[in-house]
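Comments concern the structure below.
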Amino acid sequence: MEFFANQHEWIKRTRETLFDYCEGMEQSDYLKELESFGGDSIRNLHVHVAGCYQFWLGKHGLGKTIPKVEPETVKNVHEMKVLFQKIDDLVEEFLQNYKDNWGEAIPVTFRTGDSALFSTLWLFTHTTTHEFHHKGQIVKIGRQLGYIPPDTDLIDPRLAEGLFP
């Protein structure tokens, strides 16, 4: 579990860099829906990422009932950070719950009625890589809106002190 907890720390620090970047934007730009991104905004993508964690780790991994967060309910970056504090608590609970049992099969039934088994390792890997996929889109949207992004590829190694096992 320590390995995945360390990985989650890297993800949180990288996310913080992305939030700092977003805080430097005009509020209207954070909310602006771009046709070139299917009508998504940076805010909407952040909510989508949070929803992925809630769906896979919370609902399926931990069996929780978690109400879906609608993008309109999150007005700014500060509120998004509060949402992601809850997501981080969920991730930590998931990591604690599955500690050394990364091969446990979790049954998932889809709206179509189809079902599949996913390992707990798959759930964690999917949610974290999904976040990084959308992080890239968020940086791209910011660049299109005229904001120069910081380096968001994980974290600056100088900041990683103490994170290596």
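None of the figures in this text is laboratory data; all of them are computed from the coordinates on show. No experiment lies behind these values; they were computed from the predicted model shown. No Cβ is skipped: glycine too gets one built from the backbone with ideal geometry, and neighbour counts run over all protein chains shown.
Taking a straight Cα-Cα cut-off under 24 Å and skipping sequence neighbours fewer than 8 places away in the same chain, the lysines within cross-link reach of residue 59 are 12, 68, 81, 86, 99, 135.
Taking amide H positions as modeled 1.01 Å from N, with prolines and chain starts lacking one, the residues under 5 Å from residue 118 and 5 or more places away or on another chain are 106, 108. Most fluctuating residue of 13, 43, 143 in a GNM of the chain with Cα springs under 10 Å: which is it? It is 143. Over every Cα atom in segment 15-85, the radius of gyration and the widest Cα-Cα span, Dmax, amount to 12.9, 38 Å.
Taking amide H atoms as placed 1.01 Å from N in the peptide plane, the amide H of residue 41 lies under 5 Å from those of 34, each 5 or more residues away in sequence or on another chain.
A Gaussian network model of the chain, with springs between Cα atoms under 10 Å, assigns the largest mean-square fluctuation among 72, 93, 16 to 72.
Taking the Cβ of each residue in 68, 135 as the centre, tally the other Cβ atoms inside 10 Å and list the residues starting with the fewest. Let's see the in-between values first.
On the way: 68 10, 135 21.
So the ranking, lowest neighbour count to highest, is 68, 135.
Which one, (i) 15.8, 55; (ii) 16.4, 48; (iii) 16.1, 46, gives Rg and Dmax of the Cα atoms in Å as derived from the coordinates shown? Answer label, from the structure shown: (ii). Each residue of segment 124-130 was assigned a 3J(HN,Hα) from its phi angle through the Karplus expression (A = 6.51, B = -1.76, C = 1.60, θ = phi - 60°), giving 5, 5, 4, 5, 6, 5, 4 Hz with x at Gly and Pro. Taking the C-alpha atoms only, the angle from helix 77-98 to the longest principal axis of the chain is near 20 degrees.
What's the exposure ranking of 141, 66, 148, 11, going from fewest to most Cβ atoms within 10 Å? All intermediate terms of the calculation are to be shown ahead of the outcome.
Numbers: 141 23, 66 16, 148 8, 11 19.
Fewest-to-most Cβ neighbours within 10 Å comes out as 148, 66, 11, 141.
From least to most packed, judged by other beta carbons within 10 angstrom and beginning with the fewest, 22, 52 follow the order 52, 22.
Backbone phi angles across segment 36-53, fed through the Karplus curve with coefficients 6.51, -1.76 and 1.60 (θ = phi - 60°), yield HN-Hα couplings of 5, 10, x, x, 7, 10, 4, 4, 4, 5, 4, 5, 4, 4, 4, x, 5, 4 Hz in residue order; Gly and Pro are listed as x.
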